[in-house]
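Have a look at the structure below, then the notes.
The values are calculated or read from the model by the stated rules, or taken from the named source; none is laboratory data. Quick caveat: nothing in here was measured; it's all calculated off a predicted structure. Note that each Cβ is placed from the backbone with ideal geometry, even for glycine, and that neighbours are counted across all protein chains shown.
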Amino acid sequence: MKNWIDHKYINKNTIEGRIYQQNLAMSVLKKGNTMIIAPTAMGKTVIAALISAERLKNYENSKILILAPSKPLTLQHEKSFKKFLNTSVTSITGNNKPADRKELWKENRVICATPQTVESDIISREYDFKDVSLIVFDECHHAVGSYSYVYLAQKYIQQAKDQLVLGLTASPGWEEKKIKEVSHNIYINNVIIKSEDDPDVAPYFNQVQTKWIKVKLTPELKEIKDLLAETLKIRLKTLKKLGIIDSIAKPSKREILVEQKRLQQKIASSNNPKKEYFTGISILTEVINIMHSQELLETQSIKTLNNYFNKLEKKKTKASKSLKNDYKFNKAVMLTRKYVDRGIDHPKMKRLMELIQQILDENNQNKIIVFSQFRDTTKSIHEHCEKNDIKSIRFYGQASRDNDKGLSQKKQIEVIDKFKNDEYNVLISTSVAEEGIDIPAVDYVILYEPVPSEIRMIQRKGRTGRKHQGEMYILMTKGTLDESYYWASQRKERAMKNNIYNAYNKNNISLDNYVANNEEVQSYNINTDPDNAEVTIYVDYREKNSNMMRELDKINCEIKVKSMGVGDYQITDDIIIERKTVEDFSKSITDKRLYQQAKELTTNCRKPLMIIEGENIYHTFLHPNAIRGALASIALDFRIPIIQTQSETDTAFLLKRIALREQDKDNKKPVSIRTQTKPVTLPEQQLFITESLPGIGPVSAKSLLKHFKTVKNMINASKNELKEVEGIGEKTATNIIDVTQREFRDE
């Protein structure tokens with residue numbers, strides 16, 4: 001008979017009384033801000049629920065915020081916390097309108113949310129963290145760099161009255177530096193580690209056996225491999241002759257990218273860069289393309305490689321054209337297509353089908369997850385499963401690619417439900433299923449290829465062994481990148497365990513000397529601007545996910561997100577600002593966007609401004625003279641001032657300084673936001689006026705102007721005359737008459 005937890009805020013018979021979970025919860029409540037590192041199947045969500053219940057009891061009217069890095073995981077948490085907790089629970093994601101999110105926040109005590117959504121609302125001041133007595137960062141290893149977790153942790157420490165931070169992860173990373181960075185960023189001062197080997201955990205934990213299956217490349221694939229190797233060797237020799245690399249021994253992709261960046265810096269720092277630098281960058285791009293082709297050939301399916309070749313053919317870059325004209329590379333492409341037509345595939349595919357069939361023959365109720373890094377490969381696996389009458393379904397992200405439409409959030413949930421309800425035995429997934437998603441008890445995990453990441457390997461392994469002993473199979477191709485990746489992940493996992501388990505005390509890691517103290521937290525909001533007055537800055541909705549929003553918030557700017565037809569930021573009626581990073585500036589020169597945007601800025605406001613953000617404007621793929629020509633054109637032809645800033649922080653301070661200078665605080669008046677560009681030509685202006693009438697779109701506007709010839713004739717027309725125009729009915733005609741002929745009353 002199970003021992004159930006009895007608590008005011010926990011629903012009866014929903015949480016089993018496991019001693020290790022209760023001890024972990026008590027430790028967090030006693031010691032404060034804590035990170036728990038534990039395998040996926042150990043019930044970290046249950047621990048969070050136990051802590052939440054106690055905080056709700058101890059702090060009346062307080063709220064609990066559960067943050068998760070994806071929408072499906074957020075909705076999963078909502079479902080779990082509704083099951084566990086006896087209080088109001090909701091979820092907040094980008095699918096909810098801002099006004100609705102504000103209401104949901106107000107009405108509920110437990111909020112499960114995506115960090116980007118909460119960040120946007122906190123910056124817009126829809127609500128704050130004042131009454132949040134516990135904030136949970138699920139998959140807290142994301143709390144690095146500019147990820148939203150970092151900003152939200154800072155705001156929480158600033159605003160909350162009764163603070164408690166809980167970070168949850170299966171693996172924070174293999175580097176000691178990364179573990180400390182995550183701890184510092186979410187203000188952790190205590191780390192608790194639990195493993196399946198701990199005596200109090202072992203009775204509840206099933207061991208997972210790892211087995212690897214090695215295959216050899218077939219003669220057909222070896223032929224393609226040799227052709228790609230020869231193609232690569234020729235380019236490496238050329239790079240050595242140019243003095244760009246020292247050796248033709250096969251470099252890593254990372255090393256090639258470093259060399260590419262180095263050449264770009266040389267171009268940027270020279271007034272008249274050598275032609276060899278541009279040639280070198282193009283050849284390095286070819287090398288990257290060849291190396292990626294090799295990776296797909298060695299580790300994926302022949303169809304995945306063929307799809308990549310097709311994408312490469314469509315590109316019109318110098319590098320892709322050079323590869324198209326290369327005899328050996330072309331032969332590799334032709335052979336790939338030939339083998340696809342003949343049904344020849346990677347030997348891993350055949351072995352995978354045999355393994356799945358073997359597992360299902362043993363028990364046709366067995367559940368299997370097959371992981372692959374590439375969506376194209378999941379498609380190939382699914383097709384092979386269908387040929388072999390294996391009930392399988394694909395699970396991948398929301399982004400659409402070529403002819404493969406992304407899975408919406410709703411569809412993702414449907415896929416998992418179908419898998420749960422035994423409609424399918426095999427779930428074929430990309431990395432989307434690695435992290436947190438509530439996938440039911442799985443008997444087997446199969447990795448189509450190893451991944452050189454200890455975090456991802458641990459997460460994938462954690463998908464099995466939840467209800468009984470599980471097994472994980474890893475498919476590897478001998479003498480290829482597969483083996484390199486496998487040993488890399490093993491090395492990193494060992495390093496991570498050494499850093500976590502050995503560098504600190506076994507159960508409790510103290511980070512008191514490292515974590516930010518209260519003084520550090522307060523200094524985050526010190527305004528270095530001499531004038532601390534609040535200003536209002538209007539931001540285009542397309543900029544809302546950029547770091548600029550949080551940078552402006554830090555320096556006491558009121559941010560209003562609007563849909564703007566022109567520019568990225570607006571300060572007054574007259575001042576509209578286009579912000580470009582150095583990289584975007586270069587791209588907009590290439591695709592001619594720059595001059596169209598400049599034209600729109602000058603047409604729509606009296607004081608346009610362009611900000612170019614980045615340390616070196618010439619540090620791009622373009623020749624410096626192309627950059628100089630564009631700068632001259634913007635300044636002289638369009639008469640737009642250009643200001644260069646060093647970073648997002650620098651840009652934010654500049655925007656505030658402009659606002660302080662230009663906004664009239666004593667006589668504050670609403671700013672007229674440019675929601676669309678002003679029409680330039682006479683016909684455009686006539687259509688613009690006509691389309692502003694109720695019920696009139698572009699087609700009806702043209703019909704009206706063609707019929708009445710002038711705007712004046714149209715406005716003076718009677719209802720019956722308006723109805724003579726095709727597409728104008730009784731209701732539309734009445735509305736036009738009301739707008740154009742009724743007396744104005746300022747209500």
Given (1) among the polar types (S, T, N, Q); (2) modelled with pLDDT of 90 or more; (3) over 35 Å from the mean Cα position of the chain (by Cα), N289 misses just (3)
Residues of the range 340-375 being closer than 16 Å to I474 by Cβ, in contact with an Asp or Glu (Cβ under 9 Å, 6 or more places away or on another chain) and part of a helix (DSSP H, G or I), in sequence order, are K348, I359
Note: among L29, L65, L75, just one is of a type in the set (A, V, I, L, M), touching a residue at least 24 places away in the same chain (Cβ under 8 Å), out of contact with any Asp or Glu (no Cβ under 7 Å at 6 or more places or on another chain) and part of a helix (DSSP H, G or I), namely L75
Exercise. Report yes if some residue within the range 38-52 is touching a strand residue (DSSP E or B) at 6+ places or on another chain (Cβ under 8 Å), part of a helix (DSSP H, G or I), at pLDDT 95 or above and farther than 23 Å from H142 by Cβ; otherwise report no.
Key: yes
Being surrounded by 18 or more Cβ atoms within 10 Å (Cβ to Cβ) and within 25 Å of E449 (Cα to Cα) narrows L228, L257 down to just L228
Restricting the range 59-102 to residues that are of a type in the set (D, E) and surrounded by fewer than 19 Cβ atoms within 10 Å (Cβ to Cβ), the one nearest to G397 (Cα to Cα) turns out to be D100
Considering the range 286-305, residues that are without any contact (Cβ under 8 Å) to a residue 40 or more places away in the chain and either surrounded by fewer than 19 Cβ atoms within 10 Å (Cβ to Cβ) or among the aromatic types (F, W, Y) (or both), and then whichever is nearest to I248 (Cα to Cα), we arrive at I288
Counting only residues in the range 184-218 that are part of a helix (DSSP H, G or I) and at pLDDT below 90, the one farthest from M35 (Cα to Cα) is identified as P203
Within the range 306-322, the residues that are in contact (Cβ under 8 Å) with a residue 24 or more places away in the chain and out of contact with any Ser or Thr (no Cβ under 8 Å at 6 or more places or on another chain) are N307, K311, S320
Selection from the range 132-187 of residues of a type in the set (F, W, Y), in contact with a Phe, Trp or Tyr (Cβ under 8 Å, 6 or more places away or on another chain) and over 25 Å from E54 (Cβ atoms) yields none
Within the range 612-641, residues being more than 17 Å from A268 (Cα to Cα) and touching a helix residue (DSSP H, G or I) at 6+ places or on another chain (Cβ under 6 Å) number 3
When K367 is run through (1) closer than 20 Å to E383 by Cα; (2) surrounded by 16 or more Cβ atoms within 10 Å (Cβ to Cβ); (3) at pLDDT 90 or above, the failure sits at (3)
Of R337, R394, R342, R375, the only residue that is among the basic types (K, R) and touching a residue at least 40 places away in the same chain (Cβ under 8 Å) is R375
Taking the range 373-417 and the residues there that are at pLDDT 90 or above and small (G, A, S), the one that is farthest from the chain's Cα centre (by Cα) would be S392
Filtering the range 719-733 down to residues that are of a type outside the set (G, A, S) and in a helix (DSSP H, G or I) yields K719, N720, E721, L722, K723, E730, K731, T732
Taking the range 8-29 and keeping residues over 35 Å from the mean Cα position of the chain (by Cα), exposed (fewer than 14 other Cβ atoms within 10 Å of the Cβ) and not polar (S, T, N, Q) leaves K8, K12, E16, G17, I19
When the range 608-630 is checked residue by residue, the ones that are of a type in the set (A, V, I, L, M) and part of a loop (DSSP other than H, G, I, E, B) are I617, L622
Residues of the range 556-567 being in a loop (DSSP other than H, G, I, E, B) and surrounded by fewer than 20 Cβ atoms within 10 Å (Cβ to Cβ), in sequence order, are N556, S563, G565
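Per-residue answers, yes or no, for (1) farther than 20 Å from F371 by Cα; (2) small (G, A, S):
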{"position": "E259", "(1), (2)": "yes, no"}
{"position": "R262", "(1), (2)": "yes, no"}
{"position": "S270", "(1), (2)": "yes, yes"}
{"position": "K274", "(1), (2)": "yes, no"}
{"position": "T285", "(1), (2)": "yes, no"}
{"position": "L296", "(1), (2)": "no, no"}
{"position": "F309", "(1), (2)": "yes, no"}
Of the residues in the range 638-682, those that are at pLDDT 90 or above and either at positive phi or assigned to a loop (DSSP other than H, G, I, E, B) (or both) come to F638, R639, I640, P641, Q646, S647
Those strands (runs of 3 or more DSSP E) completely within the range 85-181 that have 3 or more residues that are in the same structural domain as E558 (by TED's automatic domain parsing) and at negative phi are none
Per the filter on the range 128-153, residues hydroxyl-bearing (S, T, Y), buried (at least 19 other Cβ atoms within 10 Å of the Cβ) and under 17 Å from L552 (Cα atoms) are S148, Y151
**Asked** For E578, are the conditions met, namely being in a helix (DSSP H, G or I), assigned by TED's automatic domain parsing to the domain that holds F653 and surrounded by 15 or more Cβ atoms within 10 Å (Cβ to Cβ)?
**Response** no
Selection from the range 38-49 of residues crowded, with 24+ Cβ neighbours inside 10 Å and either touching a residue at least 40 places away in the same chain (Cβ under 8 Å) or of a type in the set (V, I, T) (or both) yields A38, M42, K44, I47, A48
T378 vs (1) in a helix (DSSP H, G or I); (2) more than 26 Å from T480 (Cα to Cα); (3) not charged (D, E, K, R): all pass except (2)
Within the range 323-334, restricting to residues that are free of Cβ contacts under 8 Å to residues at least 24 places away in the same chain and under 15 Å from K311 (Cα atoms), the one that is surrounded by the most Cβ atoms within 10 Å (Cβ to Cβ) is N330
